[in-house]
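**Student:** My questions will all concern the structure given below.
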Amino acid sequence: MNMRLSKLFLHLSGLLLLAVATACSTHSKPEISLVPDVLLATEDEQMLWQKSEQEQRAFESNGLIYTDKELEDYLNQVVANLKPEDAPADLVIRVKVIKNPYLNAFAYPNGMIYIHSGLLARMDNEAQLAAVLAHELTHCIRRHALQAFRKYRNQPAFLIAIQQTLLKSKGLQALAHSMGVTGAMAAISGYARELEAEADLVGYEWAVQAGYNPKEALSLFDQMLSDIAQVGHEEPFFFGSHPKIRQRAENLQKSPMPANIDIRATHKRSELFLAKLDTLLLDNARLDIRLGRFQIARGGVDKYLRIKPDDTRAYFLLGEIHRQRGHNNDAKKALSYYSRAITLDPSYAAPHKAIGLIHYKKGQRALAKKFFESCLQLSPDSSDQAYIRGYLKQCTLSEEG
């Protein structure tokens with residue numbers, strides 16, 4: 001661990017220990033909260049809700065939330081349809097999306113459910129979404145966070161170890177800055193085996209009652225296991241762990257499958273699901289490309305193209321996947337996709353720059369100069385114009401030399 005991460009780890013360790021000590025206190029009174037008194041029967045639960053609110057404010061303030069009001073409204077409509085009639089009336093369930101390509105979803109005790117863009121991008125239909133949300137909804141309604149926290153609050157070393165896993169994983173440092181003890185426990189370890197099994201079984205029942213086909217959840221688990229195999233290692237999160245996903249699949253397989261599911265309604269809702277998800281698929285593919293997860297990024301772009309087959313941004317990203325991966329014949333494939341993007345939208349500057357970079361790398365400076373110049377003409381106020389002008393200068397020097 002480098003010096004910067006070591007300091008961050010020490011800082012987080014101190015915060016975790018402080019959080020545990022605060023929640024274990026039986027003398028201090030909690031600050032005034034918007035938490036409904038009817039839900040908070042004990043002081044440790046009040047402390048836990050307040051800690052959750054603090055962590056959520058951190059999420060909201062540092063750019064981790066994926067902003068798409070239409071998608072967020074849709075997710076909240078789905079979870080509202082799953083909520084059972086006997087759920088506490090004062091428990092408000094909300095769903096938000098985190099900009100992160102890893103497979104994960106987790107719930108805070110106060111009804112806030114976070115789902116990663118990466119997990120949404122792997123889903124094919126609303127039934128799969130409902131399976132995940134019903135699982136997290138069970139955690140909220142059955143007070144699993146409180147039960148788990150009472151079990152682990154005297155084990156600060158365990159909680160710190162959970163937090164440390166975020167610091168060791170590429171692309172997760174931003175989450176490590178924001179996710180405290182409550183979120184880390186839910187996101188990484190889950191709420192203990194017996195509570196996760198309960199969430200699987202109860203969530204399954206709620207999804208079936210809402211009219212969803214539970215077999216779709218098995219398809220989602222298969223897709224997640226395939227993704228883990230592609231990456232070559234497991235992710236640190238609960239939904240990115242091969243043994244945990246396999247256990248969830250086995251739990252579901254033991255449950256009786258309903259015979260009265262309306263397949264036509266399921267298909268109709270799937271079309272709506274993909275329509276709501278379209279922009280996220282490309283945004284999440286960009287995140288996977290940055291992490292070098294090119295095969296998974298390709299899957300997201302291909303899914304998007306099934307919705308919008310003539311979208312220039314999608315073909316540009318296919319070009320980026322091949323250009324940045326750099327395997328044999330990838331440059332030729334990248335040029336083909338970039339050219340397709342330009343054909344669809346000649347005013348789109350990004351593929352011009354990318355083609356210029358490919359020619360520059362090959363030593364074809366005259367061709368590179370042509371595409372760099374067209375990029376600047378199409379987007380003169382581009383944030384990377386200085387970067388492109390630097391390449392143009394090198395191309396000009398090569399011609400003069």
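The values are calculated or read from the model by the stated rules, or taken from the named source; none is laboratory data. This one's a predicted model, so the numbers in the text were calculated from it and none came from an experiment. We place every Cβ from the backbone using ideal geometry, glycine too, and count neighbours over all the protein chains shown.
**Student:** Can you tell me which of (1) under 17 Å from the mean Cα position of the chain (by Cα); (2) within 19 Å of Arg269 (Cβ to Cβ); (3) of a type in the set (S, T, N, Q) is the one Asn81 doesn't meet?
**Tutor:** Condition (1) is where Asn81 drops out.
**Student:** Next question, about the same structure. Among the listed residues Lys353, Lys362, which satisfies the condition of being out of contact with any His (no Cβ under 7 Å at 6 or more places or on another chain) and more than 22 Å from Ala285 (Cα to Cα)?
**Tutor:** None of the others qualify; the one that does is Lys362.
**Student:** Quick one: would you say Arg150 is assigned by TED's automatic domain parsing to the domain that holds Gln54, of a type in the set (Lys, Arg) and within 25 Å of Arg269 (Cα to Cα)?
**Tutor:** no
**Student:** Could you identify the single residue in Ala207, Ala229, Ala186, Ala249 that is in a helix (DSSP H, G or I), under 27 Å from Ile65 (Cβ atoms), over 17 Å from the mean Cα position of the chain (by Cα) and at pLDDT 70 or above?
**Tutor:** Ala207
**Student:** Scan region 189-203 for residues that are at pLDDT 90 or above and farther than 19 Å from Leu103 by Cβ and jot them down.
**Tutor:** Correct list: Val202 only.
**Student:** Let me ask another. In region 101-115, which residues are touching a residue at least 40 places away in the same chain (Cβ under 8 Å) and either buried (at least 22 other Cβ atoms within 10 Å of the Cβ) or of a type in the set (Asp, Glu) (or both)?
**Tutor:** The answer is Pro101, Tyr102, Leu103, Asn104, Ala105, Phe106, Ala107, Tyr108, Pro109, Asn110, Tyr114, Ile115.
**Student:** Sticking with this one: Condition check: outside the structural domain of Glu271 (by TED's automatic domain parsing), out of contact with any His (no Cβ under 8 Å at 6 or more places or on another chain), among the hydrophobic types (A, V, I, L, M, F, W, C) and surrounded by fewer than 20 Cβ atoms within 10 Å (Cβ to Cβ). Does Ala89 satisfy that?
**Tutor:** Considered against the rule, which asks whether it is outside the structural domain of Glu271 (by TED's automatic domain parsing), out of contact with any His (no Cβ under 8 Å at 6 or more places or on another chain), among the hydrophobic types (A, V, I, L, M, F, W, C) and surrounded by fewer than 20 Cβ atoms within 10 Å (Cβ to Cβ), Ala89 comes out as yes.
**Student:** Ok, one more. With (1) closer than 21 Å to Thr312 by Cα; (2) out of contact with any helix residue (DSSP H, G or I) (no Cβ under 9 Å at 6 or more places or on another chain); (3) among the hydrophobic types (A, V, I, L, M, F, W, C) as the list, and Leu376 as the residue in question, which single condition is left unmet?
**Tutor:** (2) is the only condition that Leu376 fails.
**Student:** Next question, about the same structure. Looking at the structure I just gave you, is Pro101 of a type outside the set (Phe, Trp, Tyr), more than 9 Å from the chain's Cα centre (by Cα) and more than 12 Å from Ala199 (Cβ to Cβ)?
**Tutor:** It is false that Pro101 is of a type outside the set (Phe, Trp, Tyr), more than 9 Å from the chain's Cα centre (by Cα) and more than 12 Å from Ala199 (Cβ to Cβ).
Okay, residues lined up against (1) modelled with pLDDT of 95 or more; (2) surrounded by fewer than 18 Cβ atoms within 10 Å (Cβ to Cβ); (3) within 31 Å of the chain's Cα centre (by Cα):
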residue	(1), (2), (3)
His327	no, yes, yes
Ser339	yes, yes, yes
Leu344	yes, yes, yes
Lys393	no, yes, no
Ser398	no, yes, no
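**Student:** Would you confirm whether any residue within region 347-356 is of a type outside the set (Val, Ile, Thr) and farther than 27 Å from Arg293 by Cβ?
**Tutor:** yes
**Student:** Tally time: how many residues in region 233-246 are modelled with pLDDT of 75 or more and crowded, with 16+ Cβ neighbours inside 10 Å?
**Tutor:** Looking only at that region, the number is 2.
**Student:** Quick one: Lys51 ticks every box in (1) modelled with pLDDT of 85 or more; (2) in contact with a Gly (Cβ under 8 Å, 6 or more places away or on another chain) except a single one, so which number is it?
**Tutor:** Among (1) modelled with pLDDT of 85 or more; (2) in contact with a Gly (Cβ under 8 Å, 6 or more places away or on another chain), Lys51 violates only (1).
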